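Let me begin by presenting the structure, written as structure tokens, before commenting on it.
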Amino acid sequence: MVVLNRIYTRTGDKGDTALGTGKRVAKYDPRIEAYGTVDETNACVGVARLSASSELDLMLARVQNDLFDLGADLCVPDDGSEMAAKALRIAQSQVDRLEREIDAMNEKLQPLRSFVLPGGTAAAAQLHVARTVCRRAERLIVKLAESEPVGETAVKYTNRLSDFLFVAARFANLSAGGDVLWVPGANRA
């Protein structure tokens with residue numbers, strides 16, 4: 001259980017912050033960038049929930065909790081230490097759940113015949129924003145994994161989540177007549 005009695009600590013006033021291990025690193029450290037962008041994804045999902053149907057809202061609530069799990073995973077490097085072994089990690093079951101939810105939503109959608117423009121309903125537009133932020137988080141996590149230990153499942157979850165958010169945006173547009181499609185060269189003179 002997390003207990004926060006004070007919100008400000010002043011410990012980061014000189015531009016550094018603590019990982020889950022207690023190690024101090026610069027606030028622009030690649031690991032901080034990665035899980036900070038996961039947090040940004042979570043905030044975008046929270047905004048999308050304001051306009052989502054009740055069915056989609058339940059799925060997005062699970063995603064928000066998973067994103068905190070992912071942040072907890074990333075803030076403790078998977079370095080083989082005792083602390084790392086006890087750390088909360090994204091589980092394959094969370095990836096599997098996303099896949100099941102993607103498949104269930106996708107069954108109700110027509111196959112795509114064009115690229116989708118980010119828009120339509122408010123929920124769909126917000127989910128597309130969340131998707132693009134999630135893709136950035138994924139890029140940062142993959143880059144981090146090139147130089148530091150990162151759990152393989154964390155990378156898989158982030159990749160699958162961006163797919164989920166794309167399908168969720170399409171699903172949100174279903175009740176409003178479908179996707180907003182790209183029409184190549186539509187505005188050429």
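The values are calculated or read from the model by the stated rules, or taken from the named source; none is laboratory data. Everything numeric here is computed off the predicted structure, so don't read it as measured data. Backbone-built Cβ (ideal geometry, glycine too); neighbour counts: all protein chains shown.
Here are some notes:
- Counting the residues of segment 1-51 that are of a type in the set (Ser, Thr, Tyr) and within 25 Å of residue 157 (Cα to Cα) gives 6.
- Segment 20-42, subset without any contact (Cβ under 8 Å) to a residue 24 or more places away in the chain and buried (at least 16 other Cβ atoms within 10 Å of the Cβ), residue nearest to the chain's Cα centre (by Cα): 36
- Close contacts from segment 167-189, counting a first residue that is closer than 10 Å to residue 116 by Cβ and a second that is of a type in the set (Gly, Ala, Ser) and buried (at least 20 other Cβ atoms within 10 Å of the Cβ), with Cβ to Cβ under 7 Å and a gap of 6+ residues or different chains, come to 169/124; 173/120; 173/124; 179/120; 180/120.
- Residue identified as surrounded by fewer than 15 Cβ atoms within 10 Å (Cβ to Cβ) and in contact with a Leu (Cβ under 7 Å, 6 or more places away or on another chain) among 98, 109: 109
- Of the listed requirements (1) at pLDDT 95 or above; (2) assigned to a helix (DSSP H, G or I); (3) closer than 30 Å to residue 30 by Cβ, residue 89 misses just one: (2).
- Among all positions in segment 44-66, there is no residue which is in a helix (DSSP H, G or I), polar (S, T, N, Q) and under 20 Å from residue 17 (Cβ atoms).
- If you check 125, 137, 168 for being of a type in the set (Gly, Ala, Ser) and in contact with a Leu (Cβ under 7 Å, 6 or more places away or on another chain), only one passes: 168.
- Check on residue 152, surrounded by 13 or more Cβ atoms within 10 Å (Cβ to Cβ) and farther than 23 Å from residue 57 by Cα: no
- Filtering 124, 84, 72 for residues that are within 20 Å of residue 34 (Cα to Cα), assigned to a helix (DSSP H, G or I) and touching a Phe, Trp or Tyr at 6+ places or on another chain (Cβ under 9 Å) leaves a single hit, 72.
- Every condition in (1) touching a Leu at 6+ places or on another chain (Cβ under 7 Å); (2) assigned to a loop (DSSP other than H, G, I, E, B) is met by residue 78 except one, and the failing one is (1).
- Pairs where the first residue, in segment 51-74, is more than 19 Å from residue 99 (Cα to Cα) and polar (S, T, N, Q) and the second is at pLDDT 95 or above and surrounded by fewer than 17 Cβ atoms within 10 Å (Cβ to Cβ), C-beta under 9 Å, 6+ apart: 51/122
- Scan segment 118-154 for residues that are over 16 Å from the mean Cα position of the chain (by Cα) and acidic (Asp, Glu) and the total you get is 2.
- If only residues of segment 61-115 that are of a type in the set (S, T, N, Q) and over 18 Å from the mean Cα position of the chain (by Cα) are counted, the one that is farthest from residue 170 (Cα to Cα) is 81.
- Hits in segment 136-189 - residues which are part of a helix (DSSP H, G or I) and among the polar types (S, T, N, Q): 153, 158, 159, 162, 173
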